[in-house]
1. Report the local net charge at Ser42: Lys and Arg +1, Asp and Glu -1, summed over other residues whose C-beta lies under 14 Å from its C-beta.
2. Read phi for every residue in region 46-55 and hand back ³J(HN,Hα) as whole Hz from Karplus 6.51 cos²θ - 1.76 cosθ + 1.60, θ = phi - 60°, with x for Gly and Pro.
3. Put +1 on the Cβ of each Lys and Arg and -1 on the Cβ of each Asp and Glu in the chain; which of Val25, Leu52, Ala7 then has its Cα farthest toward the positive end of the dipole?
4. Can you compute the helix-only [θ] at 222 nm over the chain? Use -39500 (n - 2.57) per DSSP H run of at least 4 residues, normalise by all residues, nearest 500 deg cm²/dmol.
5. For Asp37 and Glu22, calculate 0.36 nm times their separation in residues minus their Cα-Cα distance, and state this gained length in nm to one decimal.
6. Given +1 on the Cβ of Lys and Arg, -1 on the Cβ of Asp and Glu, and no further charges, what dipole in debye does the chain carry about its Cα centre, rounded to the nearest 20?
7. Under a Cβ-Cβ cut-off of 13 Å, what is the net charge of the residues other than Lys29 that fall near it, where Lys and Arg count +1 and Asp and Glu count -1?
8. Relative contact order for the chain: what is it in percent, counting Cα pairs under 8 Å that are at least 6 residues apart?
Amino acid sequence: MPARSKAQQRAAGAALSARRGETKVGDLKGPARRMYDSMSESELEDLASTALDGLPDHAEGDG
């Protein structure tokens, strides 16, 4: 499933980094923390790997 916005892609990247132990979970805030808690590494990879070209900064419903 591709990200719907640049904000969602960035949040997924932050959550994925924490899931892999590259950054601290405590540093996550808002959507990134909720993604970390509710999504698998595979799901986060799918969102984080979305190309940013043509994505809006924020989609309707994004923080």
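Each reported figure results from applying straightforward, stated rules to the coordinates on display, with no laboratory input. On a predicted model such as this, the values are computed, not experimentally measured, just so you know. Cβ placement follows ideal geometry from the backbone for every residue including glycine, while neighbour counts extend to all protein chains displayed.
1. Its environment carries a net charge of -2.
2. 4, 5, 5, 8, 5, 5, 7, 4, x, 7
3. Highest projection toward the positive end goes to Val25.
4. Computed mean residue ellipticity for the chain: -14500 deg cm²/dmol.
5. Numbers: separation 15, 0.36 × 15 = 5.40 nm, distance 1.61 nm.
Additional length available on full extension: 3.8 nm.
6. Result for the chain is approximately 240 debye, rounded to the nearest 20.
7. Every neighbour counted, the sum reads +2.
8. Values: 81 pairs, mean separation 34.1, N = 63.
Reported relative contact order: 54 percent.
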